[in-house]
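Remarks on the structure that follows.
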Amino acid sequence: MDVLLLSRIQFAFTIAFHYIYPPLSIGLSVILVALEAMFLATKNPVYQILSKFWTKIFALTFAIGVATGIVMEFEFGTNWAVYSKYVGDVFGSALAAEGIFAFFLESGFLAVLVFGWDKVSKEMHFFAALMVCLGAHFSAVWIVVANSWQQTPAGFHIVGEGMHARAEITDFWAMVFNPSSMDRLSHTLMGCWQAGAFFVLSVGAYYLLKNKHVQFAKISMKVGLALAVVASILQLVTGHQSAVGVSRNQPAKLAAFEGHYETGPAALHLFGWVDEQKENVRWGVGIPGLLSMLVHGNPSEPVTGLNEFEKRDRPPANFVFQTFHGMIAIGIGLILLSLTGLFFWRRGTLFSHRGILKIFVLSVLGPQIANQLGWFSAEVGRQPWVVYQLLRTSEGLTKSLVESQVWFSLILFSVIYVMLFILFLFLLDQNIKQGPAEEEQIEERHYA
């Protein structure tokens, strides 16, 4: 296994593991704002109890997310020195903005949120929850902006040549609002909201199945389901907008999404297997012209095929096809599940239907898997470019790197991350088993 592939695997592993936590944090922050707002509006102490419980979960997720994210900063320098030099000016501004406007805002007010229950007014505590939520979303903004610049570079020029070449910002706001950033941001945030919503639904359903903390669980599920319905439907809308943007800005990626080789009207496949040697989709079931209809509004409109690009400039079509369709399948499943939950809620049987509750317990995995598959589709679909049509992934690698160094660090990171994940699951399990510590102090009528 060569150094390039090992370095890509190492970075994919570290960022995929890290990406378990930020979506949860962002989604849970929305839940916290909703609970704090309801407490402020109704003065009902049950909402404060719910907020206290979910704040503990949020703080745990935030802490593990910070710990797992630090490693990537070092990998830029150790494994991807040429890339880091090339994009340093662009990424430096975006990541500095993320630190100043997002991380410090979120972490600063998180202290008030966690420790300020009896030390600040309820209005101030709500404000702290709002700032934590805003900081979490700002963090996503700047990270997605930086990543989207790699997909659709804008607002820059290249200075220097060869190994000394680097991108330098000429228009900061053109860099921020590059052609793909806003579509990708909205799509990413809806995935985060889904992660938080279905996590809350999973815990609430678990409590109901165990007949524990019943009233607490019912309210958690109501709040979680409301967010799940909104986020799941908006995810479909933002996903469509993002795909239309890909058709304009990265036609090779869109063609790989559907295993589309010959330029012409394109089908939308439900499933299949891309044979990259024969350049077709085997065992596929597709709807003729639907991809053309979705991206151009005309089923007869041609879609650029992979044969328009040299083989060295094509992404690995089958991998991208499978991850993209896996993401879509899970996304449709989450829409159906959230609407089914809404149907049972309206009928008054959601909290007693053990079948749907068991599905909701497992549903926590859906957004996580879909988010990972979406990231794989976006990043692998950009290959062989690390900065689209400007810098190849192979050119961004540290030239002095040797195979043994990458193997050692990959094994070391794997061991550390497994330990962190076990710690996270242990602490999460302890918090969930303990439940809302103050619930017994609240009379039943408070939960009505």
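Bear in mind these aren't lab numbers, they're just calculated from the coordinates by the rules spelled out. Just so it is clear, the model here is predicted, and its values are computed rather than measured. Note that we place each Cβ from the backbone using ideal geometry, even for glycine, and neighbour counts take in every protein chain shown.
Treat the count of other C-beta atoms within 10 Å as a stand-in for reagent exposure and order 72, 293 from fewest to most.
Going from least to most buried by this count: 72, 293.
Which aspartates and glutamates does residue 43 reach when only Cα atoms under 17 Å apart count, and residues fewer than 8 places away in its own chain are ignored?
List returned: 118, 123, 438, 439, 443, 444.
Scaled to the compact-protein estimate 2.2 N^0.38 Å, what is the alpha-carbon radius of gyration of the chain, rounded to two decimal places?
The reported ratio for this selection is 1.04.
Once you order the gyration tensor axes a ≥ b ≥ c over the Cα atoms, which shape class does region 303-448 get: rounded for a/c under 1.5, otherwise prolate or oblate by comparing a/b with b/c? Write down the numbers at each step before the final one.
Working: a/c = 3.96, a/b = 1.66, b/c = 2.38.
Oblate, since a/c reaches 1.5 and b/c is not below a/b.
Pick from 30, 141, 66: which residue has the top mean-square fluctuation in a GNM of the chain where Cα pairs under 10 Å get a spring?
Most flexible of the set in this elastic network: 66.
State which entries of 56/358; 122/218; 122/358; 56/119 exceed 26 angstrom in Cα-Cα distance in the structure shown.
122/358
For residue 212 and residue 163, FRET efficiency with R0 = 56 Å and r from the beta-carbon atoms, rounded to 0.05?
0.35
Only four residue types carry charge here, +1 at the Cβ of Lys and Arg and -1 at the Cβ of Asp and Glu. Report the dipole size of the chain about the Cα centre in Debye, rounded to the nearest 20.
1240
How would you rank 117, 375, 173, going from fewest to most other Cβ atoms within 10 Å of each one's own Cβ?
With the sparsest Cβ surroundings first, the list reads 173, 117, 375.
Just want the ordering: 187, 240, from fewest to most Cβ atoms lying within 10 Å of their own Cβ.
Taking fewest neighbouring Cβ atoms as first place, the list is 240, 187.
Under the 0.36 nm per residue contour assumption, what length would be gained going from the current alpha-carbon distance of residue 1 and residue 400 to full extension?
On the way: separation 399, 0.36 × 399 = 143.64 nm, distance 1.65 nm.
Length gained, residue 1 through residue 400: 142.0 nm.
Using the per-residue mean of other Cβ atoms lying within 10 Å as a proxy for protection, in what order, highest first, do the peptides 89-101, 316-328 fall?
Values: 89-101: 17.2, 316-328: 20.9.
Final packing ranking: 316-328, 89-101.
Identify, among 369, 154, 337, the residue whose Cα sits farthest towards the positive end of the charge dipole of the chain, taking +1 on the Cβ of Lys and Arg and -1 on the Cβ of Asp and Glu, with the dipole about the Cα centre.
In the chain, that residue is 337.
Considering the chain as a Gaussian network with a 10 Å cut-off on Cα pairs, which listed residue, 303, 361, 285, attains the greatest mean-square fluctuation?
Looking only at 303, 361, 285, the biggest GNM fluctuation is shown by 285.
Sequence neighbours fewer than 8 away in the same chain don't count; with that in mind, list the lysines whose C-alpha is under 19 Å from residue 85.
399
Give the lysines reachable from residue 278 as a straight Cα distance under 27 Å; neighbours fewer than 8 places away on the same chain don't count.
Candidates past the 8-residue exclusion: 253, 311.
Give me the tail of P(r) for region 4-56 as a percent: Cα-Cα pairs with distance above 17 Å.
Roughly 52 percent, once rounded to a whole number.
Would you mind working out the magnitude of the charge dipole of region 1-75 relative to its Cα centre, with +1 at each Lys and Arg C-beta and -1 at each Asp and Glu C-beta, to the nearest 20 Debye?
Rounded to the nearest 20 debye, it is 400 debye.
Could you give me the ³J(HN,Hα) list for region 6-13, computed from phi with Karplus coefficients 6.51, -1.76, 1.60 and θ = phi - 60°, whole Hz, x at Gly and Pro?
Per-residue couplings from phi come out as 4, 5, 5, 4, 4, 5, 4, 5 Hz.
With a 10 Å cut-off between alpha carbons and a GNM built on the chain, which of 32, 423, 201 moves the most?
In this elastic network of the chain, the residue with the biggest mean-square fluctuation among 32, 423, 201 is 423.
Tell me which of 304, 357, 327 sits at the most positive position along the dipole axis of region 304-431, charges placed on C-beta atoms (Lys, Arg +1; Asp, Glu -1).
The listed residue farthest towards the positive side: 357.
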